[in-house]
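For reference, the structure is listed below as structure tokens.
The values are calculated or read from the model by the stated rules, or taken from the named source; none is laboratory data. All values reported here derive from a predicted model rather than from experimental measurement. Cβ: placed from backbone, ideal geometry, glycine included. Neighbour counts: every protein chain shown.
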Amino acid sequence: MYSIVLIILCMTNPQAADDATSRFESPRFGIALSIPAAWPVAVKEQEDRAFVALIPQENDPERPGVLACEISIAPESLYEYASRIEGNERRSPRSGTLVRNEIKARSDGPRLDTIRQYKPKPNITWIERSVRFIANRQLYTFILNCREETYGAVVPVFEKALESLAFTPPDTGASPQDLPANRWLQREFRFTIDLPTGWQPVLAPSEIALLYANGPARGIWSDNCLVIAREHRPTTLEEQAERLPDQLRAEEPGCEVLQCLIVPQGKRDALETVVRTKRGPFSMTVLERRFVGNRFDYEVKFTLESDRFDELAPALRKSLDSFDEAPGIVPGGGRPA
């Protein structure tokens, strides 16, 4: 009977959650922290979300609040990100009211604290608080979202969870193989690539990416490299070269195909395209190669701001030339390389 009463109290009183915690650990996302045991984890390691935990609400038992963690690519600094939030608010205000958006200095590094209020119905207010950290080239956003009546009770618990936070390098799926060459091995799919100086693998924003890496951040942007693979297709590079420019224009109207030609790449040929396009207010240039490996048809794509393309193109092409399949068996990859 005592156990049943305790469970009921925890479900109806969020303050009781402060009494007992469980350790949540995600080596893949590179975080560990203590979460109240009364806040069950409903989502774990899906897309860009490390976890989503549910917060019971006495005034709204059918709609729990949430504690969540999302991961993305880090900006140059939290000050850059705070400025972006302010700028977006001036240009195109989001729903809700921006109440706070400030950097807080801490002994373990700064954090960006952002609070929004929403009124889905008269006399009902929801508060969304986002606390952001930069660690291991990633931006971590911890989100507390609940009704105003719940918020006051759970804020100390939220702060205590953040105090318990520990970061480790996330599992990008790649390991360094030759540090002077900045060569990285994708462990599961067994290929290597020499990344440009200052570049490093980070956690992929898409599950289709076998490898995702980025260069040093500039403002809120960082140049990136994406590697994907498909089963062998019954088409030649020459046939792809004829069709690809029109396909690219159909997928992204307004893009400018600057180059689409077959080039040598080590012991094989590759179809290289250079495309200039717009991403919001930014002009981006995409350098991509498509080629046939022993295991898969590969696509390796560099995306960078256009004003740096000419300067960086030789290093990017050198990186593309370095791509190689390593010995071993891989998922669905047929015979070893």
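Take the range 123-174 and flag every residue that is farther than 17 Å from residue 203 by Cα and of a type in the set (Ser, Thr, Tyr).
125, 130, 150, 151, 164
So which pairs qualify, if the first residue must be in the range 49-66 and closer than 16 Å to residue 125 by Cα, the second must be modelled with pLDDT under 95 and aromatic (Phe, Trp, Tyr), the Cβ gap must be under 9 Å, and the two must be at least 6 apart or on different chains?
So the pair list comes out empty.
Would you list the strands (runs of 3 or more DSSP E) that sit entirely within the range 1-48 and hold 3 or more residues that are at pLDDT 95 or above and in contact with a helix residue (DSSP H, G or I) (Cβ under 8 Å, 6 or more places away or on another chain)?
Passing ranges, in order: 31-36.
Conditions (1) modelled with pLDDT of 95 or more; (2) under 16 Å from residue 321 (Cβ atoms); (3) of a type outside the set (Asp, Glu), marked per residue:
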position	(1), (2), (3)
172	yes, no, yes
186	yes, no, yes
192	yes, yes, yes
212	yes, no, yes
220	no, no, yes
230	no, no, yes
239	yes, no, no
263	yes, yes, yes
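Residues in the range 71-84: is at least one under 22 Å from residue 36 (Cα atoms) and assigned by TED's automatic domain parsing to the domain that holds residue 41?
Checked against the condition, which is being under 22 Å from residue 36 (Cα atoms) and assigned by TED's automatic domain parsing to the domain that holds residue 41, the range 71-84 yields at least one hit.
So, in the range 274-304, how many residues would count as being closer than 19 Å to residue 234 by Cα and not aliphatic (A, V, I, L, M)? Before you say what the answer is, go through the steps one by one.
Within the range 274-304, the subset closer than 19 Å to residue 234 by Cα is 289-299.
Next cut, not aliphatic (A, V, I, L, M) only: 289-291, 293-299.
Count: 10.
Check off (1) among the small types (Gly, Ala, Ser); (2) in contact with a strand residue (DSSP E or B) (Cβ under 6 Å, 6 or more places away or on another chain); (3) free of Cβ contacts under 8 Å to residues at least 24 places away in the same chain for residue 135 and give me the number that stays unchecked.
With (1) among the small types (Gly, Ala, Ser); (2) in contact with a strand residue (DSSP E or B) (Cβ under 6 Å, 6 or more places away or on another chain); (3) free of Cβ contacts under 8 Å to residues at least 24 places away in the same chain applied to residue 135, the lone miss is (3).
Can you confirm whether the range 304-315 contains a residue that is within 24 Å of residue 73 (Cα to Cα) and in a strand (DSSP E or B)?
There is at least one residue in the range 304-315 that is within 24 Å of residue 73 (Cα to Cα) and in a strand (DSSP E or B).
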